[in-house]
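Below you'll find the structure I mean.
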Amino acid sequence: MTIDLLYGRGSVPVSPPVGCVPTVIQKRAMPVLPAPRGAVEAALAAPVGTPPLRELARGKRSACVLICDVTRPVPNGLFLAALIRSLLDAGVPRPGIRVLVATGLHRPNEGRELAEVVGDPWVLETVKVENHVATADADHVLIGRTPARGTVVRLDRRFVEAEVRIATGLVEPHFMAGWSGGRKVIAPGVAHAETITTFHNAAFMAHPRAANCVLDGNPLHEEQLAIVEMLGGALALNTVIDEARRLAFVNFGEIARSHAAAVAFARAYAEVPVARRFSTVVTSAAGHPLDQTYYQTVKGMVGPLDILAPGGDLIVASACGGGLGSAHYIAAQRRLLALGADGFAASIAGKRHAAIDEWQTQMQLKPMRVGRVRLYTDGLGEADAALTGVERVGDLTAAIAESMARHRDPHVAFVPEGPYVVPVHVP
């Protein structure tokens with residue numbers, strides 16, 4: 001028996017050791033849409049909670065379409081052209097249409113990488129495609145403060161001032177915001193660094209409801225919805241893909257209602273009930289593009305925590321071809337190694353604004369506090385691997401065998417798709 005874990009642009013095969021009793025945790029099969037481009041057109045013609053896009057855009061002079069950056073496998077090539085043609089057909093002038101890459105605090109996507117993200121040469125040739133830069137003060141507009149928590153809200157003026165505002169994205173489990181897509185593409189997607197570092201501070205991250213697949217009571221989700229309301233609303237095109245990255249669901253409409261409908265679809269597949277916990281859990285960081293950096297690999301560590309027995313071994317496979325991540329993240333990892341888990345947590349407690357990317361280091365504390373985290377990768381050199389703060393393994397089968405012997409338990413859970421699947425312990 002061989003189990004393929006998503007890894008880089010392909011997979012890494014794992015042969016369970018002799019005596020292993022494997023449990024492979026996967027989504028049940030999604031009903032792939034047979035005509036994805038036709039499904040996009042149908043979604044635009046029959047939106048959730050609004051008139052069709054061509055009616056909404058009629059007479060408007062400007063539109064801004066947000067797309068996710070290179071860290072998300074959003075099928076932009078399937079729907080961007082249809083969105084833009086609908087805007088043009090409605091009379092929005094071509095110079096008034098802009099596609100904005102919602103980078104949050106990530107680096108900009110340029111050149112071949114931008115072409116890969118957009119996925120359609122016609123779009124690049126037809127309209128302006130630009131990157132959001134969260135630290136460019138002049139590019140942002142002050143909207144106000146959120147009513148419940150007082151978060152200062154500054155958003156990219158190119159989106160705020162557009163007459164038609166559309167967020168596009170992929171709806172999948174997210175280890176902080178509950179689910180990706182929709183309102184999350186606006187904030188943090190095109191928010192100023194001041195806003196992002198506020199609702200990514202230690203208090204937000206440590207909240208028990210800031211977790212995978214949780215929306216009710218999730219403070220990040222509540223702030224994001226408040227920001228959309230302060231903005232005056234927006235539209236969204238939401239997609240869900242299967243494990244082979246094929247389109248399984250698409251809708252369009254008012255951002256909160258359409259996103260909720262997409263979440264309801266995705267939840268039925270992404271959350272998988274599991275009857276027991278395991279002393280050995282083997283997972284991935286979901287392959288390309290999510291596992292390009294160790295920064296994103298942390299999502300793979302958090303995803304299966306509900307089924308990891310206390311003191312167990314969590315083995316994660318991640319290509320990490322792009323290295324650790326940003327210089328900010330590397331600085332946070334250095335502080336983790338210098339201070340230890342408890343010292344790092346104490347150092348960020350009470351801060352109104354998080355240092356950029358330190359929230360990912362904070363999230364790594366979650367699996368470290370449950371058990372032993374081990375990393376399989378061929379993308380990090382020795383110096384970078386040392387900064388992960390976890391143990392590196394060179395042979396997955398041997399690491400599994402060692403864990404089975406250590407815990408005297410042959411039962412091993414495998415989660416090949418990584419954080420796109422959330423195992424839920426249901427005794």
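Of 62, 86, which has the most accessible area and how do the rest follow, probe 1.4 Å? Display every interim value, and only then the final one.
On the way: 62 30, 86 0 Å².
So, going from the largest accessible area down, we get 62, 86.
Please report, for the Cα atoms of region 279-427, the Rg to one decimal and the Dmax as a whole number; what are they, in angstrom?
Taking only Cα atoms of region 279-427, I get Rg and Dmax of 14.9, 46 Å.
Classify region 120-274 as rounded, prolate or oblate, taking a ≥ b ≥ c as the square roots of the eigenvalues of its Cα gyration tensor: rounded when a/c is under 1.5, otherwise prolate if a/b is larger than b/c and oblate if not. Can you show the working numbers first?
Details: a/c = 1.85, a/b = 1.10, b/c = 1.69.
Taking the square roots of the gyration eigenvalues as a ≥ b ≥ c, region 120-274 is oblate.
What share of the DSSP beta bridges in region 163-297 is antiparallel, in percent to the nearest 5? Write down the numbers at each step before the final one.
On the way: 9 of 14 bridges.
Taking every DSSP beta bridge with both residues in region 163-297, the antiparallel ones total about 65 percent.
Using a Förster distance of 56 Å, how high is the FRET efficiency between residue 369 and residue 142, based on the Cβ-Cβ distance and rounded to 0.05? Show your work: numbers first, answer last.
Numbers: r = 38 Å, r/R0 = 0.68.
Once rounded, the FRET efficiency stands at 0.90.
Also: Relative to the longest principal axis of the chain, what angle (0 to 90°, nearest 10) does the C-alpha long axis of helix 255-270 take?
Value to nearest ten degrees: 30.
Please report Rg (one decimal) and Dmax (integer) in Å for the Cα set of region 33-142.
Here Rg and the maximum Cα pair distance are 14.6, 45 Å.
Here are some values of volume of the Cα convex hull per residue in Å³: [x] 165; [y] 175; [z] 132. Which one was computed from this structure?
Only one option fits the structure, namely [z].
Can you figure out the FRET efficiency of residue 409 with residue 347, using R₀ = 30 Å and their beta-carbon distance, to the nearest 0.05?
Values: r = 36 Å, r/R0 = 1.20.
Once the sixth-power term is evaluated, E becomes 0.25.
If you line up the long axis of helix 327-348 against the longest principal axis of the chain, both from Cα atoms, how many degrees apart are they, to the nearest 10?
60
Right, something else. For region 224-376, calculate the relative contact order in percent as a whole number, restricting contacts to Cα pairs under 8 Å that are 6 or more residues apart. Intermediate values should be presented prior to the final figure.
On the way: 214 pairs, mean separation 30.7, N = 153.
Relative contact order for region 224-376 comes out at 20 percent.
State whether region 360-427 is rounded, prolate or oblate according to the following rule on the C-alpha gyration tensor (a ≥ b ≥ c being the square roots of its eigenvalues): a/c under 1.5 gives rounded; otherwise a/b larger than b/c gives prolate, and the remaining case gives oblate.
Oblate, since a/c reaches 1.5 and b/c is not below a/b.
Indicate, rounded to the nearest 5 percent, the antiparallel portion of the DSSP beta bridges found entirely in the chain. Provide the component values of the computation, followed by the final result.
Working: 20 of 66 bridges.
Of those bridges, close to 30 percent are antiparallel.
Given labels modelled 7 Å from the Cα in the Cβ direction, how far is it in nm from residue 339 to residue 26?
Going by the 7 Å Cα→Cβ label model, 4.2 nm.
Can you tell me, using C-alpha contacts under 8 Å and at least 6 residues apart, the relative contact order of the chain as a whole percent? Before the final figure, lay out the partial values.
On the way: 989 pairs, mean separation 90.3, N = 427.
Relative contact order comes out at 21 percent.
Quick one: accessible area per residue over the chain, 1.4 Å probe, rounded to a whole number of Å²? If you can, show how the numbers build up before the last one.
Numbers: 15900 Å² over 427 residues.
For the chain, the per-residue accessible area is 37 Å².
Next question. Going down the list 184/299; 299/366; 128/299, which pairs span over 21 Å between their C-alpha atoms? Before the final figure, lay out each step's value.
Numbers: 184/299 16 Å; 299/366 11 Å; 128/299 32 Å.
Check vs 21 Å cut-off fails for 128/299.
Restricted to Cα positions, what overall size does region 246-367 have along the principal axes? Three whole-Å values, descending.
Over region 246-367, Cα extents along the principal axes are 46, 37, 32 Å.
Please work out the Cα center distance from region 214-228 to region 91-170, rounded to the nearest Å.
21
Rounding to the nearest 10 and keeping the result within 0 to 90°, find how far the Cα-based axis of helix 396-407 lies from the longest principal axis of the chain.
Tilt relative to the chain: about 60 degrees.
Under 8 Å for C-alpha pairs, at least 6 residues apart: give me the relative contact order for region 237-298, rounded to a whole percent.
Details: 42 pairs, mean separation 12.4, N = 62.
Result for region 237-298 is 20 percent.
Might you report the magnitude of the Cβ-based charge dipole of region 257-344 about its Cα centre, with Lys and Arg at +1 and Asp and Glu at -1, to the nearest 20 debye? Kindly include the intermediate steps, with their values, before the conclusion.
Details: 7 positive and 5 negative charges, 36 e Å.
Once rounded to the nearest 20, the dipole reads 180 debye.
Carbon and sulfur together cover what percent of the accessible area of the chain at a 1.4 Å probe radius? Working shown, then result.
On the way: 8600 of 15900 Å².
Its accessible area is 54 percent carbon and sulfur atoms.
Between residue 58 and residue 378, with labels modelled 7 Å along Cα→Cβ, what's the label distance in nm to one decimal, could you check?
It works out to 5.8 nm between the two label points.
What's the magnitude of the charge dipole for region 179-258 around its Cα centre, counting Lys and Arg as +1 and Asp and Glu as -1 at the beta-carbon? Answer in Debye, nearest 20.
Using Cβ point charges on Lys, Arg, Asp and Glu, region 179-258 gives about 200 debye.
The values are calculated or read from the model by the stated rules, or taken from the named source; none is laboratory data. Just so you know, these numbers come straight off a predicted model, no measurement behind them. As a convention, Cβ positions derive from the backbone with ideal geometry for all residues, glycine included, and neighbour counts pool all protein chains shown. Areas reflect the complete protein model, heavy atoms only, side chains present, ligands, DNA and RNA absent. Shrake-Rupley method; radii C 1.70, N 1.55, O 1.52, S 1.80 Å.
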